[in-house]
Number of protein chains: 2
Amino acid sequence: MRLLRPDQDVAAPQRVLDAIRRDIIFGALAAGSRVTEAALASKYGVSRVPVREALRALEAEGFVESRPYAGSTVAEIPLDDAEDLFAVRGVIESTIARRAARRAAEQFAGDAPSSRWWTARRALTDILDAGDRAVAADALAELPELNIRFHLGVAELSGSASLAALLRQISGKIEWLYAVDVDHRGRQSWGEHRAIMAAIDAGNEPDAGRLMSGHVDSSRRGYLQRFAGPDQTDP
Amino acid sequence: MRLLRPDQDVAAPQRVLDAIRRDIIFGALAAGSRVTEAALASKYGVSRVPVREALRALEAEGFVESRPYAGSTVAEIPLDDAEDLFAVRGVIESTIARRAARRAAEQFAGDAPSSRWWTARRALTDILDAGDRAVAADALAELPELNIRFHLGVAELSGSASLAALLRQISGKIEWLYAVDVDHRGRQSWGEHRAIMAAIDAGNEPDAGRLMSGHVDSSRRGYLQRFAGPDQTDP
DNA sequence: CTCTCCTCGATTGAATACAATCGCAGAACC
DNA sequence: GGTTCTGCGATTGTATTCAATCGAGGAGAG
């Protein structure tokens with residue numbers, strides 16, 4: 001009947017997976033460090049079985065590396081891949097945005113929008129509002145999480161599970177790279193989301209793709225400016 | 001001491017994962033069909049635990065969908081995503097090819113190529129030879145598997161685990177889409193691999209990227225010609 | 001006859017228990 | 001003194017076991 005623990009034990013294993021991934025991305029688990037199943041199990045209050053499943057998923061996503069009988073280690077942050085990852089992400093995200101726009105138009109062309117679509121769309125409204133509140137309250141620390149959820153929400157809206165899976169993988173890596181340049185351009189970046197959402201709602205594929213592409217590119221420039229500043233190329 | 005079962009039980013769980021994925025890609029497990037853990041466990045002669053881990057990894061890769069207590073089903077083939085997946089794959093693969101070329105140049109610029117690099121490079125030679133033999137012997141059925149291995153091998157050579165993980169995910173999807181257009185253009189497609197390899201070995205980044213991009217695009221055109229032929233766009 | 005509720009079988013989720021393997025420390029030998 | 005080998009501790013891999021949940025089918029009320 002599940003009156004207690006409202007939506008927590010619905011997905012106990014999923015929760016462990018998300019928690020570990022989150023710890024990796026935001027630095028609680030350092031890159032290269034060794035993680036033992038027993039430690040994670042006791043940390044999250046479950047047995048080793050769900051932890052093992054989570055580690056396997058994370059391995060598929062590229063966040064941990066495992067060797068038989070040798071255990072798992074947190075993967076190294078792909079610093080060298082930054083440029084390339086941004087390029088790939090740009091293509092994936094603009095594709096997703098275009099498809100989301102097309103799908104939005106389809107939803108209203110037909111009889112009635114599917115409930116699945118509405119659920120995703122409503123979640124995005126909540127995310128955008130929460131982000132705006134965070135910006136207004138100067139609680140910029142909340143933005144990284146909301147940023148990921150916004151982009152994944154758009155992927156959900158696009159209806160393509162394949163592209164969504166690719167995005168989950170790559171956006172996780174990018175957040176990992178710089179845990180969001182939140183002090184530097186958090187406000188502006190968040191503001192761009194509204195425009196993207198509007199283009200999608202309007203069913204405007206070209207604009208949606210273009211705005212998303214620009215959004216990712218701004219992010220890329222922000223990253224380069226902050227980290228790769230002086231030595232753009234190595235001799 | 002592992003004298004028996006030479007390289008089979010080294011990675012029993014990995015083997016189950018690869019086997020299931022292979023069955024999905026090449027059609028032994030139909031899209032949309034329900035898969036029970038017990039059935040897979042008995043099929044591969046292991047218990048349910050490694051099967052569950054494999055399913056979680058496949059879920060992360062987007063090949064199966066799971067709902068708590070409702071079991072797992074093989075995901076639907078992303079037919080609608082074909083165009084987009086080819087576009088994304090083009091970017092990923094050409095990026096990988098350019099990086100592989102750069103890395104090849106670096107290997108010979110320094111003191112001595114790393115053993116890791118050499119291992120990957122040697123594997124590619126074997127794959128290319130095996131493919132040529134298969135073509136000569138008209139054993140085209142072997143090409144799909146070798147094709148995947150060639151592309152993943154180049155990814156290995158690029159040295160970027162992130163890009164390799166992305167490629168693994170997307171190339172699996174594309175093989176799944178058309179289990180390789182082997183009768184139609186298997187020979188020509190395979191022939192292009194040598195040229196790509198040569199550009200990489202020469203450390204020629206632009207050529208490597210361009211050739212790989214063209215290679216993927218040929219593949220895309222082959223797919224469209226064969227499946228999406230008449231109705232390029234829906235009214 | 002239809003709808004609702006409930007029970008039961010099947011299946012998944014999780015925990016415990018045991019076997020297999022690896023890496024390291026320390027002793028023995030050269 | 002250095003090298004090699006051998007136990008031992010720690011950790012992972014797998015099987016077995018039990019609890020939780022879902023879905024289908026039937027009984028009963030309206």
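The values are calculated or read from the model by the stated rules, or taken from the named source; none is laboratory data. This one's a predicted model, so the numbers in the text were calculated from it and none came from an experiment. Quick reminder, even Gly has a Cβ in these numbers, built from the backbone with ideal geometry, and neighbours come from all protein chains shown. Areas reflect the complete protein model, heavy atoms only, side chains present, ligands, DNA and RNA absent. Shrake-Rupley method; radii C 1.70, N 1.55, O 1.52, S 1.80 Å.
For B:D234, the conditions (1) at pLDDT 90 or above; (2) not in a helix (DSSP H, G or I) all hold with the exception of (1). If you check every pair at least six apart or on different chains, which have Cβ atoms under 9 Å apart with a residue in segment B:30-46 that is more than 14 Å from every other protein chain (Cβ to nearest Cβ) first and a residue that is part of a loop (DSSP other than H, G, I, E, B) and within 12 Å of DNA strand D (Cβ to nearest atom) second? Taking only residues 6 or more apart or on different chains, the pairs are B:L40/B:V46; B:A41/B:S47. Before we move on, is A:V88 within 14 Å of DNA strand D (Cβ to nearest atom), open to solvent by less than 10 Å² (accessible area, probe 1.4 Å) and aliphatic (A, V, I, L, M)? When the stated conditions are applied, A:V88 does not pass them. For the residues A:G203, A:G209, the requirement of being in a loop (DSSP other than H, G, I, E, B) and at pLDDT 85 or above singles out A:G203. Of all the residues in segment B:60-79, those that are within 7 Å of chain A (Cβ to nearest Cβ) and closer than 24 Å to B:G27 by Cβ number 5.
Residues in segment A:36-65 that are within 19 Å of B:P13 (Cα to Cα) and outside any helix (DSSP H, G or I): A:T36, A:G62, A:F63, A:V64, A:E65.
Within segment A:146-168, being among the hydrophobic types (A, V, I, L, M, F, W, C) and either touching a helix residue (DSSP H, G or I) at 6+ places or on another chain (Cβ under 6 Å) or under 17 Å from A:V216 (Cβ atoms) (or both) holds for A:L146, A:I148, A:F150, A:L152, A:V154, A:A155, A:L157, A:L163, A:A164, A:L166, A:L167. Yes or no: B:D129 of a type in the set (D, E, K, R), modelled with pLDDT of 90 or more and open to solvent by 50 Å² or more (accessible area, probe 1.4 Å)? Spelling it out, B:D129 is indeed of a type in the set (D, E, K, R), modelled with pLDDT of 90 or more and open to solvent by 50 Å² or more (accessible area, probe 1.4 Å).
The combined condition, being part of a helix (DSSP H, G or I), within 11 Å of DNA strand C (Cβ to nearest atom) and either within 11 Å of chain A (Cβ to nearest Cβ) or out of contact with any Phe, Trp or Tyr (no Cβ under 8 Å at 6 or more places or on another chain) (or both), is not fulfilled by B:A87.
Contact map, segment A:95-124: residues that are over 21 Å from A:S213 (Cα atoms) paired with residues that are part of a loop (DSSP other than H, G, I, E, B), Cβ distance under 6 Å, separation 6+ or inter-chain. Pairs shown: A:Q107/A:P113.
Yes/no matrix, rows are residues, columns are (1) in contact with a Ser or Thr (Cβ under 9 Å, 6 or more places away or on another chain); (2) within 13 Å of DNA strand C (Cβ to nearest atom):
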site	(1), (2)
A:A28	no, no
A:S47	no, yes
A:A54	no, yes
A:A57	no, yes
A:E61	no, no
A:S66	yes, yes
A:G71	yes, yes
A:A75	yes, no
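Taken over segment A:58-72, the criterion of being at pLDDT below 90, more than 9 Å from DNA strand D (Cβ to nearest atom) and either out of contact with any helix residue (DSSP H, G or I) (no Cβ under 9 Å at 6 or more places or on another chain) or among the aliphatic types (A, V, I, L, M) (or both) is satisfied by A:A60 alone. Annotation note: Cβ proximity below 8 Å between a residue of segment B:183-212 that is in the same structural domain as B:R89 (by TED's automatic domain parsing) and a residue that is in a loop (DSSP other than H, G, I, E, B) (sequence gap 6+ or interchain) occurs for B:G186/B:V180; B:S189/B:D181. Regarding B:L124, is this residue open to solvent by less than 40 Å² (accessible area, probe 1.4 Å) and at pLDDT 90 or above? It is true that B:L124 is open to solvent by less than 40 Å² (accessible area, probe 1.4 Å) and at pLDDT 90 or above.
For A:E83, the stated conditions hold: it is assigned by TED's automatic domain parsing to the domain that holds A:L152, at pLDDT 85 or above and open to solvent by 40 Å² or more (accessible area, probe 1.4 Å). Residue by residue through segment A:140-157, note down the ones that are open to solvent by less than 30 Å² (accessible area, probe 1.4 Å) and either under 25 Å from A:I92 (Cα atoms) or not in a helix (DSSP H, G or I) (or both). Once the filter is applied, which keeps residues that are open to solvent by less than 30 Å² (accessible area, probe 1.4 Å) and either under 25 Å from A:I92 (Cα atoms) or not in a helix (DSSP H, G or I) (or both), segment A:140-157 yields A:L143, A:P144, A:L146, A:N147, A:F150, A:H151, A:G153, A:V154, A:A155, A:L157. Only one of the numbered conditions (1) within 16 Å of DNA strand C (Cβ to nearest atom); (2) more than 10 Å from chain A (Cβ to nearest Cβ); (3) of a type in the set (A, V, I, L, M, F, W, C) is not met by B:F108, and that is (1).
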